[in-house]
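The values are calculated or read from the model by the stated rules, or taken from the named source; none is laboratory data. Worth saying up front: this structure is predicted, and the values here are computed from it rather than measured. Cβ coordinates were reconstructed from backbone atoms using ideal geometry, including for glycine residues, and neighbour counts include every protein chain displayed.
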Amino acid sequence: MRRMCYFFCCTVILALIVPVANVKADERVILQKEFSAWREQLKKQRKDILRKHNCNELTFDNIMPAPDEPELWPLWRDWLSQWRKDQRKALNYDDKYYSVKDFAWIPSSLVSTKFMSWDMLFINPETGKYTVDKFLEYGQKEYGGFDNIILWQAYPRIGFDERNQFDFYRDLPGGSEGLRGVTKACHEKGVGVFIAYNPWDTGTRREGTSDEAPEIEKSDDDYYNLSDGSADRRTKRGFQQSCFETGNS
């Protein structure tokens, strides 16, 4: 009797599950067709824009808008995930730097500010001294505090004379030692520090050697170097490798 009841219950459950599974499969097929139609419409809209503005250089390859219909969003996420995989493969992407212990703090460093080195909240123009506390207090008041700061030293002044990007750092109060003091003061407040390195600075005074070697050795491992700007990927990787070799990340 128990076996008959068990068999009967299993039969009923299967009878209920199979139609539901078929309905879900049918719904997915319908949604897939709708998503494919949306993608074709998106392609057409992009072609129309290119044709209208007669611009062959404009690209939408890295713009991934989502459809308006929420029921299509899961398929859009799948599409986006596959696009990311394809891009990593095409770029021969290597994420080894993200697993370096020294960089473990970065994912939680969310609030960042990039500012000109002569900002009067950062340097007192009358005394010629840094006002780090004043600058960080401003960040606390306006944004709840900075997690890191990015010091931008050269642009847009670079190019008016022979000074290179490193000369602009040397011209700051106290030169390299002054920057170490800034970094120490920021670290005491729990704020990370980036200084900008510009690979595209090639038309100013040369140091007599590569950018990667002397300036990193002169810098203190208490602050971080940030490769910034549009430059050849090989240049950036070479600079990163030099940072690791000399202990500056």
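Which of the residues belonging to the range 61-95 are outside any helix (DSSP H, G or I) and either basic (Lys, Arg) or loosely packed, with under 12 Cβ neighbours inside 10 Å (or both)?
Listed by number, the residues that qualify are ASP61, ASN62, ILE63, PRO65, ASP68, ASN92, TYR93, ASP94, ASP95.
Anything in the range 155-177 that is in contact with an Asp or Glu (Cβ under 7 Å, 6 or more places away or on another chain) and farther than 14 Å from GLU207 by Cβ? List them, or say none.
ILE158, the sole residue that qualifies.
Tally time: how many residues in the range 179-207 are free of Cβ contacts under 8 Å to residues at least 40 places away in the same chain and in a helix (DSSP H, G or I)?
Number satisfying all stated conditions: 3.
Among (1) part of a helix (DSSP H, G or I); (2) modelled with pLDDT of 80 or more, which single condition is TYR98 missing?
(2)
If we keep just the residues of the range 157-173 that are free of Cβ contacts under 8 Å to residues at least 12 places away in the same chain and in contact with a helix residue (DSSP H, G or I) (Cβ under 8 Å, 6 or more places away or on another chain), which is surrounded by the most Cβ atoms within 10 Å (Cβ to Cβ)?
ARG170
Give the residue that is nearest to LEU172 (Cα to Cα), with candidates limited to residues of the range 77-124 that are aromatic (Phe, Trp, Tyr) and over 15 Å from the mean Cα position of the chain (by Cα). Don't jump to the end; show me each part of the working.
Filtering the range 77-124 down to residues aromatic (Phe, Trp, Tyr) leaves 79, 83, 93, 97-98, 103, 105, 115, 118, 122.
From what is left, the residues that are over 15 Å from the mean Cα position of the chain (by Cα) are 79, 83, 115, 118, 122.
On the way: TRP79: 49, TRP83: 45, PHE115: 14, TRP118: 8, PHE122: 11 Å.
By that ranking, first place goes to TRP118.
Being of a type outside the set (A, V, I, L, M, F, W, C), within 27 Å of TRP105 (Cβ to Cβ), more than 23 Å from the chain's Cα centre (by Cα) and outside any helix (DSSP H, G or I) is the filter here, so list the residues in the range 131-172 that pass it.
THR131
When both residues are 6+ apart or on different chains and their Cβ atoms are under 6 Å apart, which pairs have a first residue that lies in the range 24-44 and is touching a residue at least 24 places away in the same chain (Cβ under 8 Å), and a second that is assigned to a helix (DSSP H, G or I)?
Every condition considered, the pairs that remain are PHE35/LEU72; PHE35/LEU75.
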